Amino acid sequence: TGSPAAWAAAGAAVRTLHDAPLPPRTGQAGRSIAALTAELDAECVSLVTDGLLSADLVARNREVAEAALRPWTPAFTHGDLQIAHVFVDGDEVTGVIDWSEAGRGDALYDLATFTLGHEEHLDDLLAGYGTDVDLEVIRAWWSLRSLLAVRWLTEHGFDPFAPGCEGDVLRSRM
């Protein structure tokens, strides 16, 4: 619900993080392409087999997700940069929490995580981030993260099919 200026401030804060010296460890956003592909492929099979998502929805989003499975330049990433982890007062970022997944990784993973379910704020975030990014890769991360999250959310008492959640993100790629 933040203003465009607040989203831009968050983008600037994320850019500062991504420009920081690289930490020694690989984070959640730094999984190898091979590991991520194997995890995604197994999850896609399970989602259809278990009836959580339709084969068409999974196939289309698996196709979109392919763009995220590419070489990337390591950056310092948060690794779980959900909007609930960024505190804003007015139009100023005042804090970021939950650094448990931080480490070397793909900067676009953080940008996608932050805007997952909030596509309407992507331009504001990128205005503050201050550099060109590949929007196809951000959209790919939305599909990939959503495919990987549906089962976990369901098994842990969350509703990935509530308005604005992972189910809507996946349907928006159809």
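The values are calculated or read from the model by the stated rules, or taken from the named source; none is laboratory data. Here the structure is a predicted model, which is why all the values come from computation and not from measurement. Positions of Cβ are generated from backbone atoms using ideal geometry, with glycine treated the same way; all protein chains shown enter the neighbour counts. Heavy atoms of the whole protein, side chains included, go into the accessibility calculation; ligands, DNA and RNA do not. Shrake-Rupley method; radii C 1.70, N 1.55, O 1.52, S 1.80 Å.
Results, tabulated for the structure shown:
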item: Residue match in segment 1-10 (condition: within 24 Å of SER172 (Cβ to Cβ), free of Cβ contacts under 8 Å to residues at least 24 places away in the same chain and assigned to a helix (DSSP H, G or I)); result: no
item: ASP41 being open to solvent by 50 Å² or more (accessible area, probe 1.4 Å) and touching a residue at least 60 places away in the same chain (Cβ under 8 Å); result: no
item: Looking only at segment 46-78, and only at residues there that are of a type in the set (A, V, I, L, M) and touching a strand residue (DSSP E or B) at 6+ places or on another chain (Cβ under 9 Å), the one that is farthest from LEU170 (Cα to Cα); result: ALA75
item: Count of residues meeting criterion [in contact with a Phe, Trp or Tyr (Cβ under 6 Å, 6 or more places away or on another chain) and closer than 22 Å to ARG70 by Cα] in segment 125-140; result: 0
item: Among (1) open to solvent by less than 40 Å² (accessible area, probe 1.4 Å); (2) within 17 Å of the chain's Cα centre (by Cα); (3) in contact (Cβ under 8 Å) with a residue 24 or more places away in the chain - the single one LEU47 does not satisfy; result: (2)
item: Scope segment 73-97; condition surrounded by fewer than 14 Cβ atoms within 10 Å (Cβ to Cβ) and either within 14 Å of HIS18 (Cβ to Cβ) or of a type outside the set (A, V, I, L, M) (or both); matching residues; result: THR73, GLN82, PHE87, ASP89, GLY90, GLU92, THR94, GLY95
item: Contacts under 8 angstrom Cβ, first residue in segment 144-156 being in contact (Cβ under 8 Å) with a residue 24 or more places away in the chain, partner among the acidic types (Asp, Glu) and open to solvent by less than 40 Å² (accessible area, probe 1.4 Å), 6 or more apart; result: ARG145/GLU166; SER146/GLU166; LEU147/GLU43; LEU148/GLU43; VAL150/GLU166; ARG151/GLU43
item: Scope segment 11-28; condition part of a helix (DSSP H, G or I), at pLDDT 95 or above and not β-branched (Val, Ile, Thr); matching residues; result: GLY11, ALA12, ALA13, ARG15, LEU17, HIS18, ASP19
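Yes/no matrix, rows are residues, columns are (1) farther than 22 Å from LEU69 by Cβ; (2) open to solvent by 20 Å² or more (accessible area, probe 1.4 Å):
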{"residue": "TRP99", "(1), (2)": "yes, yes"}
{"residue": "ASP123", "(1), (2)": "yes, yes"}
{"residue": "TRP142", "(1), (2)": "no, no"}
{"residue": "ARG145", "(1), (2)": "no, yes"}
{"residue": "VAL150", "(1), (2)": "no, no"}
{"residue": "CYS165", "(1), (2)": "yes, yes"}
